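S.K.: Following this message is one structure expressed as structure tokens.
The values are calculated or read from the model by the stated rules, or taken from the named source; none is laboratory data. Model, not experiment: these values are computed from the prediction. Cβ: placed from backbone, ideal geometry, glycine included. Neighbour counts: every protein chain shown.
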Amino acid sequence: MSEAATNRTYISGLLHTVADRGRAWVGLRRVDPLGLDALMTLAEKLLTGRGEASGVALARTILVGYGALAPAQRAEFLSKAATRFGPDLAALGKEAQAFLDKPDERQAARLLRNAEPKRQELIRRLNHAPGGTLALVRMREEILASSGDPALAALDEDFLHLFGSWFNRGFLALRRIDWTTPANILEKIIRHEAVHAISGFDELRRRLEPPDRRLYAFFHPALGDEPLIFVEVALTDSIPGAIAPLLVAQRAELQPQAATTAVFYSISNAQKGLARVSFGNFLIKQVVEELKRELPRLQTFVTLSPVPGFARWVDGERANEDSRFLNPESRRALALLDRPNWSSKAAAVEALGRALPPLAAHYFIHARSANGRVIDPVARFHLGNGARLERINPLGDLSAAGLQQSYGLMVNYLYDLDHIEENHETFANKGEVVASAAIRRLARVKPARDTALEPPRNVDNS
């Protein structure tokens, strides 16, 4: 066991001891049954109490009691807590008026204190329990799984506010995961892989053991061996246009010193309860630094990314008789998508390989959601991190999942280290998609143009 793991075990045991003794001080027994009313009473005590040991005991008791409830009762507890421990609106109104009457630093501080709901302090104190951080992450998973309750929406914002501080970059540790990593962590990597499923340990080994493969993950000290997010990397000598050659069981391995390109082909969040907590951008940038330090010959850093919203968008445009992105030629080509097993038919693959790239260029550069955002979530992630939309690969993923979400289309995002900040500013401040010249040319093609003139395979930047 590592020194860090030994320290975590020691501290956890110490906290459990404090919690056990604290239970006696506040009159709690292990066998006490805890219903909703009892849990709410304990939450009130936790907020008003001042003793640290008793606070740890109360926090632990509440979290254990919450975990023992049925799902419907847990949702009811969260809703009641969100409502009961909201901000004091009357006091907040008075402080707001006082600030307007005398807008100085002192009144601003008083206003800020009254604006914070008691819910946030409750979450902070629950975090004092042994294993409290992970329990709260799991609690937020249940909040995110619920919908339609305004109180839970407000509570979720409290969680997001606090998690943004607790999981900031300064607390995260980057670890390389390899075949010698403990099995309990490897099992979690298999379970949480969200882009290209891992069927078992044999397949995981193919992604970890070869010298031209890497996997890195962020960890947080309060969560122990629970990865937060991880990225899988292939070292290659060119930018790939398809995922199958990277994942195939039998392939020629490349010596790392001969690699010129690092390909981020899968990025997976391992904790649903940390959704919207941003640390994926830090992960990619730190992995780039690690790889450049290890392999100075690497010059190109790209992704091979899915396009999860593309098929749904194409279907919507096909259903829209007035679509500004489709013409008769492209509609005829897209009709091939309705045929069973089209991806195994050479003629259909050829026709769609010509028809899909112009549509994808329009999808990324021109299509927007009702609130004006780029539609594709993966695109928002990488473009927001300062990457450039580099290349469209119309038939890059012919797996069942790839065909369902994007009709096989994949893209490469390029992380040009000299332009990351500039690209980020362009996307964040102007909403403009930074794309290669080839993709910009495709996006300027008028719908009436014959797509047969377009190249059938990868659209690169040459």
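S.K.: Name the pairs whose Cβ atoms lie under 7 Å apart, with the first residue in the range 354-372 and over 9 Å from Pro394 (Cβ atoms), the second among the aromatic types (Phe, Trp, Tyr) and at pLDDT below 95, and 6 or more positions between them or separate chains?
M.R.: Going by the 7 Å Cβ cut-off, the qualifying pairs are Leu359/Phe325; His362/Phe325.
S.K.: What is the one condition in (1) among the basic types (Lys, Arg); (2) at pLDDT below 95; (3) within 26 Å of Glu193 (Cα to Cα) that Arg354 does not satisfy?
M.R.: (3)
S.K.: Still on this structure, I have one more. Restricting the first residue to the range 375-392 and requiring it to be free of Cβ contacts under 8 Å to residues at least 40 places away in the same chain, which pairs with a second residue that is in a strand (DSSP E or B) and not polar (S, T, N, Q) meet a Cβ separation below 8 Å and a spacing of at least six or different chains?
M.R.: Correct list of pairs: Arg380/Val374.
S.K.: Those residues that are in contact (Cβ under 8 Å) with a residue 24 or more places away in the chain, out of contact with any strand residue (DSSP E or B) (no Cβ under 6 Å at 6 or more places or on another chain) and part of a helix (DSSP H, G or I), I need them from the range 263-293; list them, please.
M.R.: The answer is Lys272, Gly273, Leu274, Asn281, Phe282, Ile284, Lys285, Glu290.
S.K.: Need at least 2 residues that are surrounded by 13 or more Cβ atoms within 10 Å (Cβ to Cβ) and hydrophobic (A, V, I, L, M, F, W, C) per element, so show me which strands (runs of 3 or more DSSP E) inside the range 157-262 make the cut, counting only ones lying wholly within it.
M.R.: The strands (runs of 3 or more DSSP E) meeting that bar are 213-219, 229-236.
S.K.: Something else now. Write out, first by first residue and then by second, each pair whose Cβ atoms fall under 9 Å of each other, whose residues are 6+ apart or on separate chains, and whose first residue, in the range 185-208, is over 19 Å from Leu398 (Cα atoms) while the second is among the hydroxyl-bearing types (Ser, Thr, Tyr) and surrounded by fewer than 14 Cβ atoms within 10 Å (Cβ to Cβ).
M.R.: Ile190/Ser199
Table: residues versus (1) touching a helix residue (DSSP H, G or I) at 6+ places or on another chain (Cβ under 6 Å); (2) more than 18 Å from Gln271 (Cβ to Cβ); (3) outside the structural domain of Ala217 (by TED's automatic domain parsing).
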site	(1), (2), (3)
Ala145	no, no, yes
Asp149	yes, yes, yes
Leu152	yes, yes, yes
His161	no, no, yes
Arg176	no, yes, no
Trp179	yes, yes, no
Ala183	no, yes, no
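S.K.: Determine whether Pro256 is of a type outside the set (Val, Ile, Thr), out of contact with any helix residue (DSSP H, G or I) (no Cβ under 7 Å at 6 or more places or on another chain) and within 24 Å of Tyr413 (Cβ to Cβ).
M.R.: yes
S.K.: Further question: For the range 96-119, give me the residue count where each residue is outside any loop (DSSP other than H, G, I, E, B) and more than 38 Å from the chain's Cα centre (by Cα).
M.R.: 7
S.K.: Which of the numbered conditions does Ala335 fail, given that it passes all the others? Conditions: (1) within 16 Å of Gln404 (Cα to Cα); (2) of a type in the set (Gly, Ala, Ser); (3) not in a helix (DSSP H, G or I).
M.R.: All conditions are met except number (3).
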